[in-house]
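The values are calculated or read from the model by the stated rules, or taken from the named source; none is laboratory data. All figures in this text were calculated on a predicted structure; none of them were measured in a lab. In this analysis, Cβ positions are derived from the backbone assuming ideal geometry, glycine residues included, and neighbour counts consider all displayed protein chains. Only protein heavy atoms, including side chains, enter the accessible area calculation; ligands, DNA and RNA are left aside. Shrake-Rupley method; radii C 1.70, N 1.55, O 1.52, S 1.80 Å.
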Amino acid sequence: MSATVEFARMNGLGNKILVVDMRGRPDKVTPAAAVALNADPQTEFDQIMAIHDPKADGTDAFIDILNSDGSKAQACGNGTRCVVQALAAETGRKAFTFQTVAGILNAVEHEDGTISVDMGRPVFNWDRIPLAEEFHDTSRIELQIGPIDNPVLHSPSAMSMGNPHAIFWVDRDVMSYDLARFGPLLENHPMFPERANITLAQVTSPTSLTTRTWERGAGLTLACGSAACSAAVSAARTGRTGRTVTINVASAKPPATLSIEWRERDDHVIMTGPAEWEWSGRLDPSTGLWSREDTREAEAQ
């Protein structure tokens, strides 16, 4: 078995993704390798999407997801779109079915290059999100940061999109809040026994939101697909918007959008957006040592 495997540096709306090909191997990308890769500015990432051989009938691959701190993630919508683009380029296929620890994901690449991922049904039960306290209505939970009589953020909508999310509704520019300071406090708040993704969301019209996210295990991120899905579902759930919205990701560079539909017939959340290949290389999944190989560029010359 080779000591190294192929990987691609990609992004989904600026969300930094490493897609690692672990097919045909029994080992995994280790937390130590993830931390080492994230420590290098050239391979710094938000999530690793490690593609493994399928474990379930009817699926194309099992996706193991790691955060930049080496911890496991249950879902990553932007990363899933990157996996689809990589496998579509390799196989010529357009539709894929993946298994993750959070369940089954179906995805398709469209003719315009955008990719739709069926993220499944949202979860609202307090003990399945999970929260540390019982709430009969998780669309507005008791949680705030700042002075009691004048909190900076308060009363978020809580839910799971395969991973726990808290959506704080704000009435001014999401970039005007010091999320770098509040984010880690809220991510690690005792209310969230498995930690949580923290999103600021501003409703800009009945069909659009602007968001910014502090991502569990990754910190400030340029984009987070499952957070965008959670914001869209929570907006519809609280009557702020309808079930189909455009998410303007404020921190994406350049600014970009995702289309989110909370489908009425089955309550599945469909996320549609782009993915972008940057460069490729090889890495050691046990140590994180890597080398660069721009094979696509070489083939194009």
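If every alpha-carbon in segment 59-163 counts as one equal scatterer, what log10 I(q)/I(0) does Debye give at q = 0.17, 0.20 1/Å?
Scattering profile of segment 59-163, log10 relative to I(0): -0.87, -1.01.
Run the dipole for segment 130-201 about the Cα centre, Lys and Arg Cβ at +1, Asp and Glu Cβ at -1, nothing else charged, and hand back the magnitude in debye, nearest 20.
Working: 4 positive and 10 negative charges, 39 e Å.
With Lys and Arg at +1 and Asp and Glu at -1, about 180 debye.
Quick check: from the Cα gyration tensor, does segment 39-111 come out rounded (a/c under 1.5), prolate or oblate? Mind showing how you got there, number by number?
Numbers: a/c = 2.21, a/b = 1.39, b/c = 1.59.
Oblate, since a/c reaches 1.5 and b/c is not below a/b.
Please turn the phi angles of segment 243-250 into ³J(HN,Hα) values with the Karplus equation 6.51 cos²θ - 1.76 cosθ + 1.60 (θ = phi - 60°), one per residue in order, whole Hz, x for glycine and proline.
Calculated HN-Hα couplings, in order: 8, 10, 9, 9, 9, 8, 8, 4 Hz.
Taking loop as defined by DSSP and a crowding limit of 15 other beta carbons within 10 Å, which trypsin sites (Lys or Arg not before Pro) in segment 156-212 fit? Mind dumping the intermediate values first?
Details: sites: Arg172, Arg181, Arg195, Arg212; in loops: Arg172, Arg195.
Those satisfying the criteria are Arg172.
Could you tell me whether the chain comes out rounded, prolate or oblate from its Cα gyration tensor? Rule is a ≥ b ≥ c as square roots of the eigenvalues, rounded for a/c under 1.5, then prolate if a/b exceeds b/c, otherwise oblate. Mind dumping the intermediate values first?
Numbers: a/c = 1.73, a/b = 1.54, b/c = 1.12.
Note, shape of the chain comes out prolate.
For segment 73-149, which GluC sites (Glu not before Pro) pass both filters: DSSP loop (anything but H, G, I, E, B) and at most 12 other C-beta atoms within 10 Å?
Of the GluC sites (Glu not before Pro), the ones in loops of segment 73-149 whose Cβ has at most 12 other Cβ atoms within 10 Å are Glu111, Glu133, Glu134, Glu142.
Can you give the log10 of the normalised intensity I(q)/I(0) at q = 0.16 Å⁻¹, computed with Debye over equal Cα scatterers of segment 1-122?
-0.73
About its Cα centre, how strong a charge dipole does segment 1-156 have in debye, to the nearest 20, once Lys and Arg get +1 and Asp and Glu get -1 at the Cβ? Mind showing how you got there, number by number?
Details: 13 positive and 22 negative charges, 67 e Å.
Rounded to the nearest 20 debye, it is 320 debye.
Do any GluC sites (Glu not before Pro) in segment 208-301 lie in a DSSP loop with no more than 15 other beta carbon atoms within 10 Å, and if so, which? Display every interim value, and only then the final one.
Working: sites: Glu215, Glu261, Glu264, Glu276, Glu278, Glu293, Glu297, Glu299; in loops: Glu264, Glu293.
Loop-located and lightly packed - Glu264, Glu293.
Let me know the charge dipole size of segment 85-161 about its Cα centre in debye, to the nearest 20, where only the beta-carbon of Lys, Arg (+1) and Asp, Glu (-1) is charged.
Values: 5 positive and 11 negative charges, 50 e Å.
Rounded to the nearest 20 debye, it is 240 debye.
Whenever you get a sec, line up Phe135, Phe98 from highest to lowest accessible area (probe 1.4 Å, protein heavy atoms). If you can, show how the numbers build up before the last one.
Details: Phe135 30, Phe98 0 Å².
These residues rank, largest area first, as Phe135, Phe98.
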